[in-house]
Amino acid sequence: MMERTFAVRVRDGLHARPATQFVKLAKSFASEITITCNGQAASAKSAVKLMLLGIKEDDEATLRVEGEDAPDALSALSTFLQNPAAGDIALPKTGGAANASAAKAGPEDDGSHGIAGIAASEGTGYGPSFAFFPPVLKIEPQAVSDAEAEISRYRDAVSGVTTAFARNKERAGTESDTNAIIDALIDVAQDTEFADEIEAAIRGGQDAASATMSVGTRLTESFEAMDDPYIRARGEDMRSVTRQIVLALIGQADVSLADVESGSVIVADEITAWDLARANMADIAGIVCRKGAATSHVAIMARAHGIPAVLGASISAERLAGSKTVGLDGAAGQVFIDPDAATRARLNDAIAREAAEKKALEAYRTVEPVTSAGIRVEVAANLGSLAEIPAALEAGAMGVGLFRTEFLFMERKTLPTEDEQAEVYTRLAEAFAPYPVVIRTLDIGGDKPITGVDFEHEDNPFLGWRGIRMCLERPDIFKPQLRALLRASVVGNVKVLIPMIADGSEVREVRRLFEECRDELRPEGTAFGTFELGVMIETPAAVFLAAELAQQVDFFSIGTNDLTQYVMAADRLNPKVASLNRAEHPAVLRAISATCKAAKAANIWIGVCGEAAARQDLTGFFIENGVTELSMSSTSIPRTKQAITRF
Ligand code: PEP
Ligand code: MG
């Protein structure tokens with residue numbers, strides 16, 4: 001048996017998404033794996049039990065692994081748990097949503113005052129109410145003569161429910177938030193410990209429906225008693241899965257949101273992700289629920305589809321169910337039941353204004369923005385995987401300004417091969433051609449470790465063996481990537497970006513390795529192309545050396561995330577120094593200006609690919625300094641294009 005104890009670094013702890021991914025990784029090993037935290041143990045292969053451990057960021061956890069592949073399993077799972085970005089989840093954008101309180105509440109019976117709830121998804125909605133109050137299931141215990149037959153009935157019901165879930169996943173297509181949520185439901189339905197408990201109860205004499213209901217209700221209540229809002233919100237998954245399995249067992253169909261009339265506001269006690277996945281999202285004008293939180297799946301889905309939503313509204317079920325029309329302000333977390341004429345007019349004005357804004361932004365999809373002074377700026381996407389391509393194209397990305405290749409290497413048991421990488425880079429380049437795609441070589445270490453590379457403990461990992469420093473010492477890992485990049489360059493629009501440059505010798509070494517790779521590819525008869533080579537400007541050293549570096553490369557890309565933390569000496573992950581970690585700090589802005597000046601003098605182009613690229617308060621500053629490419633997450637693209645054309 002192997003064992004390791006360490007601090008969990010997954011940002012926000014092991015809530016639904018990282019827990020699901022962690023369980024998936026655990027299940028890829030044959031070993032028995034137990035994780036212990038806060039004095040409680042659970043199988044690492046049970047998402048339900050794992051989430052109920054309530055593992056938080058910085059908690060100490062112990063992994064115990066027994067089996068043939070124990071060393072690999074221990075290494076992969078501990079790497080996962082020590083990676084802050086292991087399960088990044090779309091966090092609510094609405095500020096202070098989780099603690100929206102009765103402070104804003106107005107009198108309940110006046111349609112002109114808002115009733116307070118949680119601001120779960122921004123936007124204004126108004127329409128006829130569609131009351132969704134599925135009846136409470138009443139299960140009469142049945143006598144069971146053949147426990148094994150009853151277990152097989154239970155298993156059939158689970159498989160029917162998971163098939164139905166999967167069908168809805170197909171319907172959701174590439175909408176990745178919805179897919180991840182449906183995956184989480186499937187995981188709960190197939191959870192081995194959930195099934196074991198139910199089957200044990202059936203063997204103890206209960207019928208399948210009663211056993212499912214009692215085990216499911218108990219687990220739901222356990223989730224709802226957790227401190228962590230993310231994990232508490234997973235009670236809704238448990239309740240939803242339990243209900244679907246019980247309905248399948250008693251042969252009843254559920255009431256469904258599939259019949260929502262177009263333009264209605266759904267009012268409910270609670271809507272689960274499963275209920276919403278079956279609705280036609282385009283028909284829904286708004287969602288108001290008495291339960292739920294900003295971290296509920298229903299909130300994430302509403303945000304993904306741009307449906308205004310207020311959850312946790314302090315209104316009685318009778319009042320909601322009896323309403324004829326409902327209005328809501330999803331950003332303020334306010335609900336208006338049967339609003340009076342003045343409130344209706346206000347809501348309708350807001351809806352019209354928002355629709356016009358949305359339409360205006362949609363128009364930017366095909367726009368190649370030019371400032372009033374005639375400067376063309378490329379607005380590109382930051383991507384980490386091919387799955388994100390459709391959303392980037394939909395948003396109107398003019399290519400990719402940063403493809404973070406480390407995500408290909410993270411959360412895997414083995415390193416990706418040269419062929420696998422060549423295929424990914426080629427498909428990426430083809431998807432955006434003729435726009436350029438800037439592919440960054442592996443930038444791991446710091447906050448992004450990977451399986452397959454032993455990272456020794458470092459007291460200051462952000463000042464340590466990361467990015468190009470690690471790659472130059474590991475040609476066995478680096479050269480397959482360089483060869484893959486050379487091969488993908490045949491498409492014609494690939495540009496290669498080197499991270500964490502602090503010295504000109506690093507660029508020379510990369511060029512030498514590329515030359516070595518070409519010398520290997522030629523005799524093999526493997527085709528390869530040419531590309532522009534650029535460096536990330538994210539260390540103060542690179543800023544001070546910008547004039548020299550500009551002579552060595554074809555372009556610069558400013559990584560404001562790291563540049564800010566290194567210029568300000570303020571860790572980008574430490575909230576205690578967040579007030580110093582500001583890209584708009586004069587010290588950072590001067591570093592950016594100095595870099596731009598050096599690029600201009602050497603006549604090379606310069607882009608920005610850190611988070612600050614999407615900041616509209618900085619758009620003008622970047623353009624004035626000569627930046628011609630801004631790269632950001634896809635959702636920010638239309639607004640940035642608009643800001644450029646208005647500059
Ligand atoms: C940056 O540092 O600004 C950057 C874009 O790189 P990363 O966030 O991946 O470190
Ligand atoms: Mg960086």
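The values are calculated or read from the model by the stated rules, or taken from the named source; none is laboratory data. Here the structure is a predicted model, which means the values were calculated and not measured. Neighbour counts run over all protein chains shown; Cβ positions are idealised from the backbone, glycine included. Surface accessibility is based on the protein's heavy atoms, side chains included, excluding ligands, DNA and RNA. Shrake-Rupley method; radii C 1.70, N 1.55, O 1.52, S 1.80 Å.
One table, with the values for the structure above:
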read-out	value
The stretch 490-647 - Rg (one decimal) and Dmax (whole number), Cα, Å	17.0, 55
For the stretch 371-645, alpha-carbon Rg relative to the globular expectation (2.2 N^0.38 Å, N residues)	0.96
Kirkwood-based Rg to Rh ratio, the chain, C-alpha trace	1.00
20 °C / 1.002 mPa s Stokes-Einstein diffusion coefficient of the stretch 321-417, Kirkwood radius on C-alpha pairs, µm²/s	120
Portion, in percent, of the accessible area of the chain that falls on carbon or sulfur, probe 1.4 Å	50
All aspartates and glutamates inside 17 Å of Lys169 as judged from Cα atoms, apart from same-chain residues fewer than 8 positions distant	Asp177, Asp183, Asp187, Asp237, Asp275, Glu388
Radius 10 Å from Cβ of Val379, net charge of other residues (Lys, Arg +1; Asp, Glu -1)	-1
Surface accessible to a 1.4 Å probe, per residue, for the residues of the chain, Å²	42
Base-10 log of normalised Debye intensity for the stretch 2-81 (one unit scatterer per alpha-carbon) at q = 0.24 Å⁻¹	-1.15
Principal axis dimensions, largest first and in whole angstrom, of the stretch 484-569 by Cα	49, 23, 19
Crossing angle, helix 586-602 versus the chain [Cα axis fit, 0-90 degrees, rounded to tens]	50
Links that overshoot a 25 Å alpha carbon limit, given the list Lys49/Lys576; Lys359/Lys641; Lys24/Lys495	Lys49/Lys576; Lys24/Lys495
Taking the chain and dividing mean pair separation by its residue count, relative contact order in percent (alpha carbons under 8 Å, at least six apart)	12
Formal net charge of residues neighbouring Pro369 (Cβ-Cβ distance under 12 Å; K, R +1; D, E -1)	+2
Three-way shape call for the stretch 176-222 based on the alpha-carbon gyration tensor, with the a/c threshold at 1.5	prolate
Between helix 208-224 and the chain: long-axis angle, C-alpha atoms, 0 to 90°, nearest 10	50
Net charge, Val65 excluded, C-beta distance under 10 Å - Lys, Arg +1, Asp, Glu -1	-3
Prolate/oblate/rounded label for the stretch 147-250 (Cα gyration tensor, a/c 1.5)	oblate
